[in-house]
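Some notes on the structure that comes next.
Read the figures in this text as sums done on the coordinates, not as results from a lab. Because the structure is predicted, anything quoted here is derived from the model rather than measured. Don't worry about glycine lacking a Cβ; one is built from the backbone with ideal geometry, like all the others, and counts go over all protein chains shown.
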Amino acid sequence: MGVENFLARPGYREFFLDLATDTSLAGFVHVGRMTVGSTIAATSFGLIHRDCYCLMLSSYDEGELAKFGPGRVHLHELLRRAIGRALTYFDFTVGDESYKREWSDVELRLYDHTAAATMLGLPAAAMMIGYRRAKRLVKQTPALWHAFSKARGAVAGYLAARTRRVG
């Protein structure tokens with residue numbers, strides 16, 4: 001889909017691997033996956049604290065299995081397990097994805113504050129504010145989000161093909 005692989009950033013992959021494999025965090029960190037045959041169809045990384053499950057990362061295979069909704073099925077399983085553990089809250093954490101509103105009866109609005117500390121910072125602050133507003137508009141308007149996602153996927157496909165030809 002052309003989404004940046006944030007785990008490729010320096011230190012990110014190592015950070016999550018350290019969390020996932022640290023035995024002293026057993027019971028606090030939850031790593032989940034759903035497999036269909038030999039394919040990992042969906043994955044998740046969550047944190048459990050007191051009576052709350054915090055879904056930090058989730059993903060699903062975009063191949064042939066995508067049409068069956070592996071991400072949604074995996075989410076159902078995560079919710080079932082949270083209920084089975086008598087957790088009171090399921091926190092989807094940050095993000096404007098519509099599926100979160102389908103499952104939530106409480107929405108905690110988060111706000112950004114950007115201000116320039118000097119006159120020199122005014123243009124940068126104005127650009128950041130404009131970028132965030134445009135991003136929010138696109139993510140909250142289904143037609144724009146669909147068009148953006150298709151364009152992002154097309155650009156990623158083009159860049160991948162170009163890289164294969166050059167490499």
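Using Cα pairs under 8 angstrom and six or more residues apart, how large is the relative contact order of the stretch 1-108, in percent?
It rounds to 18 percent for the stretch 1-108.
How large is the helix-only mean residue ellipticity at 222 nm for the chain, computed as the sum of -39500 (n - 2.57) over DSSP H runs with n ≥ 4, divided by its residue count, in deg cm²/dmol to the nearest 500?
-14500 deg cm²/dmol
Starting from 0.36 nm per residue, how many nanometres of slack lie between Ala66 and Thr93 once their C-alpha separation is accounted for?
7.4 nm
Using Cα springs under 10 Å in a Gaussian network model of the chain, which residue among Leu78, Leu110, Leu87 shows the largest mean-square fluctuation?
Leu110
Which residue fluctuates most in the GNM of the chain (Cα springs below 10 Å): Ala151, Ala66, Ala117?
Ala117
Rounded to the nearest 0.05, what FRET efficiency do Thr39 and Ala115 have when you use their Cβ-Cβ distance and R0 = 41 Å?
0.30
For an R0 of 25 angstrom, estimate the FRET efficiency from the Cβ-Cβ distance between Leu159 and Lys139 and round to the nearest 0.05.
Efficiency for this residue pair is about 0.65.
In units of 2.2 N^0.38 Å, what is the alpha-carbon radius of gyration of the chain?
The chain yields a ratio of 1.24.
Roughly what would the spin-label model give for His49 and Ala124, points 7 Å off Cα along C-beta, in nm?
About 3.0 nm separates the two model spin labels.
On alpha-carbon atoms, Rg over Rh for the stretch 111-167 using Kirkwood Rh?
1.21
Rounded to the nearest Å, what's the spacing between the alpha carbon centres of the stretch 58-73 and the stretch 101-161? Just the number, please.
Distance between centres, Cα-based: 24 Å.
Mind checking which of Ser58, Ser98, Ser38 has the largest fluctuation in a GNM of the chain, springs on alpha carbons under 10 Å?
So, out of Ser58, Ser98, Ser38, the one fluctuating most is Ser38.
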